[in-house]
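Visitor: Here's a structure for you.
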Amino acid sequence: MSQEMQVLAKDLHRHYGQYYAVAGVNITLRKGEVLGLLGPNGAGKSTTMKMLTGNLTPDQGEISINGIDLFNEPQVAKKHIGYLPERLPVYCDMTVLEFLRYCAQLRGIARTAQHASIDRALQRCGLGDVSKRLIGNLSKGYQQRVGIAQAILHNPAVIILDEPTVGLDPVQIQEIRHLIRELGEEHSVMLSTHILPEVQALCDRVQIIYQGQTVFEDFLQGLEQRHADCILRLGFEEPIDVKKLQAIESINKIESLGSMRYNVYVEGYQHMGDHLCKLAFAEGWKLTEMTPQTTDLETIFLDLVHREEARA
Amino acid sequence: MSIVYTIAFTELRRMFYSPLAWSLLAIVQFIMALIFLMLVQEYIEVIQPKFSTLDKPPGVTDTIVAAVYLWAGIIMLAIIPILTMRTFAEERVNGTFTLLRSSPISMIQVVLGKYLGLMLFILIMIALISLMPMSLYMGTSLDWGKLLASMLGLVLLLASFAAAGLFISSLVDQPIIAAVATFGFLLLLVVFYISGNSQSSYSELFIYLSHFGHFLSFLGGIFDTADLAYYLLFIVGFLGLTIRKLTDEGLQN
């Protein structure tokens, strides 16, 4: 495989008793990429991440990190991973500085370099002011940052974050997202979430997992054009001639909502908004509203989940 | 190897961050002090007058020192489980075990580090207890060989307790269950000793299996390599089981 592949996992399987948590998931993470693992609760996101970080052995499958096999050389491979689990692995009775020093030693950072890497992690995560405080006394947002700080401490090639923004307030979420975006510039990042806007805000690529299987995988850039059928809601001040709307080629269906409002189903045409404006202007319709009705990833996501449920 | 020390010293430091270590040290010291006082008083008021008629009477080392260490061993049956219960069970409950598991270290290093941390604490505890019998030196002469043998016996006995406690803590997710199970296991071995010595069901095997049987000869000042071997096997066995358990944990059960 190419040098660019930092995580390569093939055909991962893992079951708990009778229940298959993960059944045949493939993961690839290229250098400098931010991959979002999306799925409803219990889809197998965390299980997949546990396997990638060596916390859980898969029943079947191969994992290599930076070209190093995780099962043959776990201790070498783990040096290249930074992992923030769902439950923060922090000791509440230690100060931030003590905790990071311990982590630095565990990660095998050379004694001379420890100070510098701790400083860098503190600074990146905005922990400078609280470094001497007990972790247990910090707010959830700061604790989460400590969790991220320990994950990036040894400057790993791959950073794996399991639901990094769960349970935070909106301001903290913004801050953590900002941090993740920064990390994405230098490291390969993989994060799991069930929050759709998060993936849209942060990721280059998305992989949707449902019931232990990958049901969707694509780059976010240009996702809309490739996949989503868009719905526009139009409102007019006066009644219009709907037939003229129907005449436009890319419009599939027009749904009247009453009081001169319509849902227009558009397929494969990005400049529909502009087109409709011009048409309305030319026809003298008084346009009062034009709202896109879907966030595209959400449609895909809900659609997939419903489709899978219908099949089951 | 430096990872082992790192884990050990962090473990020891974290014990002293919680009130647990301090209160254990204080309570053990308080109870042992009462026992020590009682033994000294009994020696002065009852034993010494009786022995004064004998030709070669047993000294304070036999009557007081050995008894202090025996009592210490008995009390530790309840104390060590409280000490060892946290090691792995608490890390699992708090989710901090992930930190160790995701780090580029082996489970051998983790187990040895945790065990070394426990042993350092136990050595501190034994050192504090030993101050009391040693204080007798101010007033009388002591048989240092016997005292050291008793001390070594207690170190080995507690080292074996700790190894068993560490293993049981690695099996369960709840610290309190680990403590209860460890206490039960240690008591079971004491019961082996008692039952092995009873007249109706005398059994060499039971006495051999019990950790207390091997402890008593140290108290008498006898350093037998067979006893030493018993403790080493016991410790290595349980540490090995712990390492195995933790290494296999990610695998399918």
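Only the coordinates and a few stated rules stand behind these numbers; no lab work does. The structure presented is a predicted model; accordingly, all values stated were derived computationally and were not measured. When we count neighbours, we look across all protein chains shown, and the Cβ atoms used for this are built from the backbone with ideal geometry, even at glycine.
Visitor: Tally Lys/Arg at +1 and Asp/Glu at -1 over every other residue whose Cβ is under 11 Å from the Cβ of A:Ala201; what's the total?
Guide: +1
Visitor: How would you rank B:73-79, B:221-227, highest first, on the average number of other Cβ atoms within 10 Å across their residues?
Guide: Result, highest mean Cβ count within 10 Å first: B:73-79, B:221-227.
Visitor: For a quick check of your reading of the filter: which trypsin sites (Lys or Arg not before Pro) in region A:89-186 sit in a DSSP loop and have no more than 12 other Cβ atoms within 10 Å?
Guide: In loop regions of region A:89-186 (DSSP not H, G, I, E or B), the sparsely surrounded trypsin sites (Lys or Arg not before Pro) are A:Lys132.
Visitor: Partner chain Cβ atoms within 10 Å, averaged over the residues of A:74-85 - can you pull that number for me?
Guide: Per residue, the average neighbour count from other chains is 3.
Visitor: Now, a different point. Among B:Ser106, B:Gln199, B:Met76, whose Cα sits farthest toward the positive end of the charge dipole of region B:2-252 (+1 at Cβ of Lys/Arg, -1 at Cβ of Asp/Glu, about the Cα centre)?
Guide: B:Ser106
Visitor: Compute the normalised compactness of chain A: alpha-carbon radius of gyration over 2.2 N^0.38 Å, N being the residue count.
Guide: With N residues counted in chain A, Rg over 2.2 N^0.38 Å equals 1.22.
Visitor: While we're looking at this one, here's another question. Relative contact order for chain A: what is it in percent, counting Cα pairs under 8 Å that are at least 6 residues apart?
Guide: 19
Visitor: Sticking with this one: How large is the Kirkwood hydrodynamic radius of chain B, in angstrom, based on all distinct alpha carbon pairs?
Guide: About 19.5 Å for chain B.
Visitor: Taking every DSSP beta bridge with both residues inside the protein assembly as shown, roughly what % is antiparallel (nearest 5)?
Guide: Just about 70 percent of them are antiparallel.
Visitor: Using +1 on the beta carbon of Lys and Arg, -1 on that of Asp and Glu, and nothing else charged, what's the dipole of chain A about the Cα centre, debye to 20?
Guide: Its charge dipole is roughly 1000 debye.
Visitor: Still on this structure, I have one more. Roughly how many nanometres apart are two label points built 7 Å out from the Cα toward the Cβ at A:Glu249 and B:Leu171?
Guide: It works out to 7.5 nm between the two label points.
Visitor: Another one. Any idea what the dipole of region A:94-169 comes to, in debye rounded to 20, about its Cα centre with Lys/Arg Cβ at +1 and Asp/Glu Cβ at -1?
Guide: 280
Visitor: What FRET efficiency would be calculated for the residue pair A:Glu73, B:Tyr5, taking the C-beta separation as r and a Förster radius of 25 Å, to the nearest 0.05?
Guide: Once rounded, the FRET efficiency stands at 0.55.
Visitor: A follow-up question, please. How far apart, in nanometres, would the label points at B:Ile108 and B:Val180 be if each is projected 7 angstrom from Cα along the Cα-to-Cβ direction?
Guide: Simple spin-label model gives 3.6 nm for this pair.
Visitor: Another question about this same structure. Angle, helix B:107-135 long axis vs. longest principal axis of chain B, Cα atoms, 0 to 90°, nearest 10?
Guide: 20
Visitor: For A:Val189, B:Val4, what's the fewest-to-most ordering of other Cβ within 10 Å of each Cβ?
Guide: If I rank by nearby Cβ atoms, fewest first, I get B:Val4, A:Val189.
Visitor: For A:Ile159, what residues show an amide H to amide H distance below 5 Å, using hydrogens built from the backbone and excluding near sequence neighbours?
Guide: Here the answer is A:Gly82, A:Ser188, A:Val189, A:Met190, since their amide H atoms fall under 5 Å of that of A:Ile159.
Visitor: Separate question: Given an 8 Å cut-off on Cα distances and at least 6 residues of separation, report the relative contact order of chain B as a percent.
Guide: Relative contact order, chain B: 26 percent.
Visitor: Using a 7 Å offset from the Cα along the Cα-to-Cβ direction at both B:Asp55 and A:Glu237, what is the distance between the two label points in nm, to one decimal?
Guide: Once both label points are built, they end up 13.0 nm from each other.
Visitor: A further question on this structure: How far is helix B:144-171 tilted, in degrees, relative to the longest principal axis of the Cα atoms in chain B, given as a value from 0 to 90 rounded to the nearest 10?
Guide: Taking Cα atoms only, the helix is inclined about 30 degrees.
Visitor: List, in order, the whole-Hz ³J(HN,Hα) value for each residue of region A:132-137 obtained from phi through the Karplus relation with A = 6.51, B = -1.76, C = 1.60 and θ = phi - 60°; use x for Gly and Pro.
Guide: Taking θ as phi minus 60°, the curve returns 9, 8, 5, 4, x, 8 Hz for region A:132-137.
Visitor: Can you pull out the chymotrypsin sites (Phe, Trp or Tyr not before Pro) in region A:61-116 whose DSSP state is coil and whose Cβ has at most 16 other Cβ atoms within 10 Å?
Guide: Those satisfying the criteria are A:Phe71.
Visitor: Report the convex hull volume per residue for the protein assembly as shown, counting only C-alpha atoms, in Å³.
Guide: Once divided by residue count, the hull of the protein assembly as shown is 214 Å³.
Visitor: Just how large is the dipole of region B:1-133 about the Cα centre, in debye to the nearest 20, putting +1 at every Lys and Arg Cβ and -1 at every Asp and Glu Cβ?
Guide: The dipole magnitude comes to about 500 debye.
Visitor: Continuing with the same structure: If R₀ is 35 angstrom, what is the calculated FRET efficiency for the pair B:Ala78 and A:Arg87, using the beta carbon separation as r and rounding to 0.05?
Guide: 0.65
Visitor: Karplus couplings for region B:38-55 from phi (6.51 cos²θ - 1.76 cosθ + 1.60, θ = phi - 60°), rounded to Hz, Gly and Pro as x?
Guide: Result, rounded to whole Hz: 4, 5, 5, 4, 4, 4, 5, 8, 10, 6, 4, x, 5, 6, 4, 7, 6, 6.
Visitor: Counting only residues 5 or more places away or on other chains, whose amide H sits under 5 Å from the amide H of A:Thr214 once H atoms are built in the peptide plane?
Guide: Result for A:Thr214 returns A:Asn26.
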